[in-house]
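A quick write-up on the structure given underneath.
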Amino acid sequence: MTLLKFLLRSSRSIALLAIVGGLIAGACNSALVAFITRTVTRSGASSANWIWGFVGLCLLLPLTRFVSSALLVKLSQKGVHDLRMHLSGRILAAPLRKLEEVGPARLLGTLTDDVRTISIALIAIPATCIQISIVLSCLAYLCWLSWPAFLGLLVLMVISLISIQLPVMKSQGIHRQARELQD
């Protein structure tokens, strides 16, 4: 959530356009699955509306994915630049005594490793938006097809998330300790 706030501070309109584009791309992906399923299970010839709908989805999906990714890459690069400039300004404005207390290793780690990690996370946002949209769209489609299957899948998802989240929380503590040792 902090990364989204950071992006929104850089340029709210570009960030929102990129996220909406990613959500539309994810919805188009799920709509294609539903569209193909309905066409295959339906007997009789496909109408022109179905064909144009399929063609439209096939064009809209890559277009929205590209626009979303391009906007967020531009935004993330601007954000990383702004972050580096802000950190450099703060370092230059800090009293020498404070800089000596912090130490050059920690300052260098912040300017290189931390900013690089943030930029990687920022670039991953479009794919995350697309994947969230795909999951939600597919869940809605499964709910429409079969309530019992939907509820069963939700139970399995909750169990999976809990079983994955526990080791992730432990590893985050280990990563924090490693970061402190590296500094």
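Just one of (1) closer than 18 Å to residue 14 by Cα; (2) free of Cβ contacts under 8 Å to residues at least 60 places away in the same chain; (3) aliphatic (A, V, I, L, M) fails for residue 102. It is (1).
Counting only helices (runs of 4 or more DSSP H) that sit completely within segment 74-157, those holding 3 or more residues that are on the phi < 0 side of the Ramachandran plot and among the polar types (S, T, N, Q) correspond to 115-145. Checked against the criterion of being open to solvent by 40 Å² or more (accessible area, probe 1.4 Å), at pLDDT 85 or above and in contact with a helix residue (DSSP H, G or I) (Cβ under 7 Å, 6 or more places away or on another chain), the candidates 60, 23, 17 yield just one match: 60. Listed conditions (1) at pLDDT 80 or above; (2) open to solvent by less than 50 Å² (accessible area, probe 1.4 Å); (3) not aromatic (Phe, Trp, Tyr) are all met by residue 10, apart from (1). Evaluation of residue 31 against the conditions (1) of a type in the set (A, V, I, L, M); (2) farther than 22 Å from residue 11 by Cα; (3) modelled with pLDDT of 85 or more shows that the sole unmet condition is (3). Of the residues making up segment 142-164, none is open to solvent by less than 90 Å² (accessible area, probe 1.4 Å), closer than 30 Å to residue 111 by Cα and without any contact (Cβ under 8 Å) to a residue 60 or more places away in the chain. Could you say whether any residue in segment 167-175 is closer than 14 Å to residue 30 by Cβ, of a type outside the set (S, T, N, Q) and more than 18 Å from the chain's Cα centre (by Cα)? There is no residue in segment 167-175 that is closer than 14 Å to residue 30 by Cβ, of a type outside the set (S, T, N, Q) and more than 18 Å from the chain's Cα centre (by Cα).
Of all residues in segment 86-116, those being open to solvent by less than 80 Å² (accessible area, probe 1.4 Å) and of a type outside the set (A, V, I, L, M) number 8.
The values are calculated or read from the model by the stated rules, or taken from the named source; none is laboratory data. If you're wondering where the values come from, they're calculated on a predicted model, not measured in any experiment. Backbone-built Cβ (ideal geometry, glycine too); neighbour counts: all protein chains shown. Ligands, DNA and RNA are excluded from the accessible area calculation, which covers all protein heavy atoms including side chains. Shrake-Rupley method; radii C 1.70, N 1.55, O 1.52, S 1.80 Å.
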